[in-house]
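Here is the structure we will look at, set down as structure tokens.
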Amino acid sequence: GIQVEQSPPDLILQEGANSTLRCNFSDSVNNLQWFHQNPWGQLINLFYIPSGTKQNGRLSATTVATERYSLLYISSSQTTDSGVYFCAVEPWASDSWGKLQFGAGTQVVVTP
Amino acid sequence: NAGVTQTPKFRVLKTGQSMTLLCAQDMNHEYMYWYRQDPGMGLRLIHYSVGEGTTAKGEVPDGYNVSRLKKQNFLLGLESAAPSQTSVYFCASSYPKSGTNTGELFFGEGSRLTVL
């Protein structure tokens with residue numbers, strides 16, 4: 001099956017710093033989403049981005065589908081950005097439609 | 001509008017017992033999913049369904065069964081619980097990616113299961 005690798009596994013930031021999280025995937029994808037899991041375990045969808053660039057406030061994401069990677073940018077980080085960031089992909093193959101698989105995540109800690 | 005609701009939120013089982021986790025969504029989504037989350041391993045797909053009456057295996061289906069008799073409900077069953085099934089289970093749902101639908105995934109709050 002498709003492999004999803006996220007880096008770095010852990011990230012410690014001082015409040016106000018910028019950072020980039022990366023998601024590599026091993027095959028063509030039909031769907032790519034980024035999620036944030038807060039310290040209370042709640043999972044929130046950040047972006048649906050199988051290709052191109054999107055921005056939402058201090059967060060933005062870019063996916064280069066031909067090179068099989070996606071980047072999530074956090075600018076001017078705040079303590080509320082702490083948590084785990086996941087990338088999830090759905091393979092392009094028709095026998096895998098709907099099969100959305102997650103990477104292992106990047107644990108982000110933002111310190112005051 | 002409740003979104004995705006999982007019951008129960010917490011459960012403790014003894015090895016060999018059976019139980020069913022219920023997921024209900026009120027967004028008329030076609031797709032539904034069950035994931036398990038273990039420390040350091042992200043979310044792993046157990047089973048999923050692309051429509052009422054259909055189910056498919058994910059990455060870690062062994063030891064679990066599912067049913068999707070109604071569009072709004074997706075049940076996850078453990079016939080004979082094992083300590084290795086101690087985990088946090090998340091249900092999710094989405095529209096299929098087509099037309100203006102992005103396939104954005106919506107999650108329930110999770111169910112913490114401990115098997116002794």
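The values are calculated or read from the model by the stated rules, or taken from the named source; none is laboratory data. In this text the structure is predicted, and so the values were computed from the model without any measurement. Don't worry about glycine lacking a Cβ; one is built from the backbone with ideal geometry, like all the others, and counts go over all protein chains shown.
Things worth noting here:
- Among residues of segment A:84-101 that are facing chain B (nearest Cβ under 9 Å) and farther than 25 Å from residue A:20 by Cβ, those with a Cβ under 7 angstrom from a residue that is of a type in the set (A, V, I, L, M, F, W, C) and in a strand (DSSP E or B), sequence gap 6+ or separate chain, pair up as A:99/B:45.
- At least 1 residues being closer than 14 Å to residue A:83 by Cβ is the threshold, and among the strands (runs of 3 or more DSSP E) wholly inside segment A:1-72 those reaching it are A:4-7, A:10-14, A:19-25, A:29-37, A:43-48, A:59-64.
- Pick from segment B:100-116, criterion part of a strand (DSSP E or B) and in contact (Cβ under 8 Å) with a residue 40 or more places away in the chain, ranking: farthest from the other protein chains (Cβ to nearest Cβ): B:115
- The residues of segment B:22-53 that are touching a Lys or Arg at 6+ places or on another chain (Cβ under 8 Å), within 10 Å of chain A (Cβ to nearest Cβ) and under 16 Å from residue A:104 (Cα atoms), listed by number, are B:35, B:37, B:43, B:44, B:45.
- Condition met for residue B:50 (modelled with pLDDT of 95 or more, of a type in the set (Val, Ile, Thr) and on the phi < 0 side of the Ramachandran plot): no
- Selection of segment B:1-41 for residues being more than 12 Å from the chain's Cα centre (by Cα) and either within 17 Å of residue A:37 (Cβ to Cβ) or outside any loop (DSSP other than H, G, I, E, B) (or both) yields B:3, B:9, B:10, B:11, B:12, B:13, B:19, B:38, B:39, B:40, B:41.
- Residue in segment B:18-34 that is among the polar types (S, T, N, Q) and in contact with a helix residue (DSSP H, G or I) (Cβ under 9 Å, 6 or more places away or on another chain) present: no
- Of the listed requirements (1) in a strand (DSSP E or B); (2) at pLDDT below 95; (3) surrounded by fewer than 17 Cβ atoms within 10 Å (Cβ to Cβ); (4) not polar (S, T, N, Q), residue B:45 misses just one: (3).
- Looking only at segment A:30-64, and only at residues there that are surrounded by 13 or more Cβ atoms within 10 Å (Cβ to Cβ) and away from chain B (no Cβ under 14 Å), the one that is nearest to residue B:100 (Cα to Cα): A:53
- Hey, residue A:30 free of Cβ contacts under 8 Å to residues at least 40 places away in the same chain and touching an Asp or Glu at 6+ places or on another chain (Cβ under 6 Å) or not: no
- Test: residue in segment A:57-68 that is within 10 Å of the chain's Cα centre (by Cα) and under 19 Å from residue B:41 (Cα atoms): no
- Residue A:18 vs. criteria surrounded by fewer than 12 Cβ atoms within 10 Å (Cβ to Cβ), modelled with pLDDT of 95 or more and not β-branched (Val, Ile, Thr): yes
- Across segment A:66-112, the qualifying residues are those that are modelled with pLDDT of 95 or more and of a type in the set (D, E, K, R), and the one among them that is surrounded by the fewest Cβ atoms within 10 Å (Cβ to Cβ) is A:67.
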